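> Here you go, one structure.
The values are calculated or read from the model by the stated rules, or taken from the named source; none is laboratory data. This is a predicted model, so every value here is computed, not measured. Here the Cβ is made from the backbone with ideal geometry for all residues, glycine too, and neighbour counts use every protein chain on show. Surface areas here come from the heavy atoms of the whole protein model, side chains and all, with no ligands, DNA or RNA. Shrake-Rupley method; radii C 1.70, N 1.55, O 1.52, S 1.80 Å.
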Amino acid sequence: LYFTKEVFDGTYPGYGSSYPDLQGGLGILFEQASSRGHLQKTDMGEMSFAFTIRNQFATSRATVQAAVENKNLLHEYQKEFFKSALSNARSSKIKGYVFGDADDENRTRAFIDKLLLHRIECFQLSKDVELGGKKFKAGSAYVVPTEQVQYRMVQTMFETYSEFQDSVFYDASAWSMANFYNMPYASSTGSISRGDRVTSSTNMTNISSVKRSEYGYLASWNNYNAPGFLNQLLTKGILVNSAFKPFSIKIGGQDKEFSYGTLMIPCQKQKISQDSLLAVIQEASSKWKVEVDALNTGYSSKGVDLGSRYFNTIEKPKALLLVGQSVSSYEAGEVWHLLDQRVHMPITKLPLRNFGRANLDEYNTLVMVSGSYPQLDSLKKKKLKDWATKGNTLITIREASKWLIKNKLVKDSLITKKKEKDPTVKRADYVGAPEELGRERIGGAIFEVDLDITHPLGFGYARRSLPVYRNSRVFLKPSKNAYCTVARYTEDPHIDGFVTKKNMEEFLKPSASLIVSPIGKGRAIMFADNPNFRGSWYGTNRMFLNALFLGNHIRIPKDSGGHVHE
């Protein structure tokens, strides 16, 4: 017995059943109920492990056999697929996309790598252009024409949608890759002046060799690879400061602007020689493709000087991640992947069953991802709160933020269902219940938040507008403290994906995406959305990394008079 067409969808292009459809293949999904062991009782009788293996084997053989028997049909289908892609592109009003972030070359390059991986043709922008109210400059922007055989993948990378045939989604209803990377882009209905084609060999970040300084060095925090660069320096025992106010300073005789979070490496007070310091910086700069400027003065032409109290020394994160039963392995894996692959930074993974006997004082940061955390009884909650109170940083994501609030470890609140003025329950047909209730889920959509880029959690961002990915019903109330709502949804936040009017108006618009709450001398950094979703959200990774590297420097004003919590 089997069923078809009842559940699952193909909106997200990365499924095994949808990704081939965009490459001229046929993606087919078979799912066999698991016996979860040797034998399982079901409503239809006992289901054995041997039965499940038999069905997996039979469907696999049948699929291969069908493909072989229909190889000519499949070959013709694939040829026609790419021919139709070209004809569809020619009939489209959109002739191309321009993209690029002049403030972060490495994030732009990472996006280009994703395009090239899918054989999408990409060219340098040869002349400055303004599209959709955005300015793109030659040298830092690129062109993707729509008329190419991978037209459907181009659509996948850039197009966004607000109308859908269905209203209940298994998983993601939005997957515009450019928004994943927080990449400025715009479509064009006319021809775009383009230069040389970009290839994997030309898509390289070129940086200058670090010159020697007797005073200090500067590196922009806007660079996506800056956290990896910083972690390598901290691992080597290098003293590094972060700028909590912007400034301008002369580099090579010319004023150069540096924004929030800029890394300043002083030559004095280092534990190694000047030659060794230069060698360490050069090695890290070369590895992470981070431009480093040498200084001959600490006097700024504008803004704070380099000896200002607005430069804070960065402590190396000693991070702990709670894992195990009742904790989302997906989200835990995303945190681990980000730090291991993008920052080359270790993180200790602590199973919840060992929490009671763990020495939390060995760590200054603790990460909790979505989970129910039933193992944390009242004594363990007190242990967690006492640890944070000492001045440490607790980072929570989605359901963990909800857990923190519900267990009153912080004084913030959730936005919950409003009471109806008319308590009368409207009548509805029973058969429609799954569809009606299911549409109220937010199965994965992209929304715009307004990010405070002067807050340590917003350092490294050049624009306040930021796309975030939401796939939960965790709605955080904005903080009662005016300085603690770091990211809040905008007045018109929808970018891509399905959301009901009720969810939008009653829950999303009034809510916050990221807030900070004091816990004694420490703080809780609470994400309503997952900044590391599927290891693909380059655009929001930075907020999470800011929480790790700069969280302990967040000082929470007690009131509008500016009194600071210490």
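> For the structure I just gave you, tell me whether Leu22 is assigned to a loop (DSSP other than H, G, I, E, B) and either under 26 Å from Phe180 (Cβ atoms) or in contact with a Lys or Arg (Cβ under 6 Å, 6 or more places away or on another chain) (or both). Outline the logic, then answer.
Working: assigned to a loop (DSSP other than H, G, I, E, B): no; either under 26 Å from Phe180 (Cβ atoms) or in contact with a Lys or Arg (Cβ under 6 Å, 6 or more places away or on another chain) (or both): yes.
Spelling it out, it is not the case that Leu22 is assigned to a loop (DSSP other than H, G, I, E, B) and either under 26 Å from Phe180 (Cβ atoms) or in contact with a Lys or Arg (Cβ under 6 Å, 6 or more places away or on another chain) (or both).
> Restricting the first residue to the stretch 515-528 and requiring it to be open to solvent by 10 Å² or more (accessible area, probe 1.4 Å), which pairs with a second residue that is aliphatic (A, V, I, L, M) and not in a strand (DSSP E or B) meet a Cβ separation below 6 Å and a spacing of at least six or different chains?
Pro518/Ile556
> Looking only at the stretch 294-303, how many residues end up being open to solvent by less than 20 Å² (accessible area, probe 1.4 Å) and of a type in the set (A, V, I, L, M)? Reasoning before the result, please.
First, the residues of the stretch 294-303 that are open to solvent by less than 20 Å² (accessible area, probe 1.4 Å): 295, 298, 300.
Imposing the further condition that a residue be of a type in the set (A, V, I, L, M) reduces the set to 295.
Adding up the residues that qualify gives 1.
> Name the single residue that is nearest to Met543 (Cα to Cα) among those in the stretch 383-397 being touching a strand residue (DSSP E or B) at 6+ places or on another chain (Cβ under 7 Å) and open to solvent by 20 Å² or more (accessible area, probe 1.4 Å).
That would be Asn392.
> Still on this model: Can you tell me which residues in the stretch 149-189 are of a type in the set (Val, Ile, Thr), part of a helix (DSSP H, G or I) and modelled with pLDDT of 95 or more? If you could, list the steps in order and put the result at the bottom.
From the stretch 149-189, those of a type in the set (Val, Ile, Thr) are 149, 154, 156, 160, 168, 189; that's our starting set.
Narrowing the set further to residues that are part of a helix (DSSP H, G or I) leaves 154, 156.
Result: Val154, single match.
> Here are the criteria: (1) touching a residue at least 12 places away in the same chain (Cβ under 8 Å); (2) closer than 18 Å to Gly195 by Cβ. Tell me which single one Asn106 does not satisfy.
(2)
> Within the stretch 359-381, restricting attention to residues that are aliphatic (A, V, I, L, M) and crowded, with 19+ Cβ neighbours inside 10 Å, which residue is farthest from Arg534 (Cα to Cα)?
Our first condition is that a residue be aliphatic (A, V, I, L, M); within the stretch 359-381, this holds for 360, 366-369, 376, 379.
Among the residues that remain, those that are also crowded, with 19+ Cβ neighbours inside 10 Å are: 366-369, 376.
Working: Leu366: 21, Val367: 17, Met368: 17, Val369: 13, Leu376: 27 Å.
Across the stretch 359-381, the extreme among qualifying residues is Leu376.
> For the subset of the stretch 138-156 comprising residues that are in contact with a Ser or Thr (Cβ under 7 Å, 6 or more places away or on another chain) and aliphatic (A, V, I, L, M), which member is surrounded by the most Cβ atoms within 10 Å (Cβ to Cβ)? Walk me through it before giving the result.
Looking only at the stretch 138-156, we keep the residues that are in contact with a Ser or Thr (Cβ under 7 Å, 6 or more places away or on another chain), and these are 138, 146, 154.
With the extra rule that they be aliphatic (A, V, I, L, M), the set shrinks to 138, 154.
Details: Ala138: 16, Val154: 26.
Of everything passing the filter in the stretch 138-156, Val154 is surrounded by the most Cβ atoms within 10 Å (Cβ to Cβ).
> I've got another one for you. Keeping to the stretch 68-112, report how many residues are open to solvent by less than 60 Å² (accessible area, probe 1.4 Å) and either modelled with pLDDT under 95 or among the polar types (S, T, N, Q) (or both). Quick ask: steps written out before the conclusion?
Step one: filter the stretch 68-112 for residues open to solvent by less than 60 Å² (accessible area, probe 1.4 Å), giving 74, 81-82, 84-87, 89, 92, 94, 96-101, 104, 106-112.
Checking the rest, the ones that are also either modelled with pLDDT under 95 or among the polar types (S, T, N, Q) (or both) come to 84, 87, 92, 106, 108.
Here the count works out to 5.
> Could you grab me the full set of residues in the stretch 214-247 that are in contact (Cβ under 8 Å) with a residue 60 or more places away in the chain and basic (Lys, Arg)?
Lys245
> Continuing with the same structure: Go through the stretch 40-148 and tell me which helices (runs of 4 or more DSSP H), entirely inside it, have 1 or more residues that are among the β-branched types (Val, Ile, Thr) and out of contact with any strand residue (DSSP E or B) (no Cβ under 6 Å at 6 or more places or on another chain).
Working: elements: 49-69, 71-91, 105-117.
Of the helices (runs of 4 or more DSSP H) lying wholly inside the stretch 40-148, those with at least 1 residues that are among the β-branched types (Val, Ile, Thr) and out of contact with any strand residue (DSSP E or B) (no Cβ under 6 Å at 6 or more places or on another chain) span 49-69, 105-117.
> Kindly indicate the residue of the stretch 340-352 that is free of Cβ contacts under 8 Å to residues at least 40 places away in the same chain and part of a helix (DSSP H, G or I) and also nearest to Asn231 (Cα to Cα) among those meeting that condition.
Residues of the stretch 340-352 free of Cβ contacts under 8 Å to residues at least 40 places away in the same chain: 340, 346-352.
Going one step further and asking which of them are part of a helix (DSSP H, G or I), we end up with 340, 352.
On the way: Asp340: 11, Leu352: 27 Å.
Only one residue fits best here, namely Asp340.
> Are there any pairs, at least 6 apart or on different chains, whose C-beta atoms fall under 9 Å, with the first in the stretch 465-477 and free of Cβ contacts under 8 Å to residues at least 40 places away in the same chain and the second hydroxyl-bearing (Ser, Thr, Tyr) and surrounded by fewer than 23 Cβ atoms within 10 Å (Cβ to Cβ), and if so, which?
Taking only residues 6 or more apart or on different chains, the pairs are Ser465/Thr490.
> If a residue must be touching a residue at least 12 places away in the same chain (Cβ under 8 Å) and open to solvent by 60 Å² or more (accessible area, probe 1.4 Å), how many such residues does the stretch 34-55 contain? I'd like the intermediate steps shown before the answer.
First pass over the stretch 34-55, keeping only residues touching a residue at least 12 places away in the same chain (Cβ under 8 Å): 34-35, 37, 44, 47-49, 51-52, 55.
This time we only want the ones that are open to solvent by 60 Å² or more (accessible area, probe 1.4 Å), so: 44, 49, 51.
The number of residues fulfilling the criteria is 3.
Matching residues to (1) of a type outside the set (Val, Ile, Thr); (2) open to solvent by 50 Å² or more (accessible area, probe 1.4 Å):
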{"position": "Ser201", "(1), (2)": "yes, yes"}
{"position": "Asn206", "(1), (2)": "yes, yes"}
{"position": "Val210", "(1), (2)": "no, no"}
{"position": "Leu230", "(1), (2)": "yes, no"}
{"position": "Leu233", "(1), (2)": "yes, no"}
{"position": "Ser242", "(1), (2)": "yes, no"}
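> Looking at the stretch 4-33, which of its residues are surrounded by 14 or more Cβ atoms within 10 Å (Cβ to Cβ) and farther than 30 Å from Ala85 by Cα?
Hit for the stretch 4-33 is Gln32, nothing else.
> Hey, another quick one. Val486 - would you say it is in contact with a helix residue (DSSP H, G or I) (Cβ under 6 Å, 6 or more places away or on another chain) and either open to solvent by 10 Å² or more (accessible area, probe 1.4 Å) or modelled with pLDDT of 95 or more (or both)? Steps first, please.
On the way: in contact with a helix residue (DSSP H, G or I) (Cβ under 6 Å, 6 or more places away or on another chain): yes; either open to solvent by 10 Å² or more (accessible area, probe 1.4 Å) or modelled with pLDDT of 95 or more (or both): yes.
Yes; evaluated as a whole, the condition is true for this residue.
> When you scan the stretch 350-372, how many residues do you find that are in contact with a Leu (Cβ under 7 Å, 6 or more places away or on another chain) and under 27 Å from Arg470 (Cβ atoms)?
5
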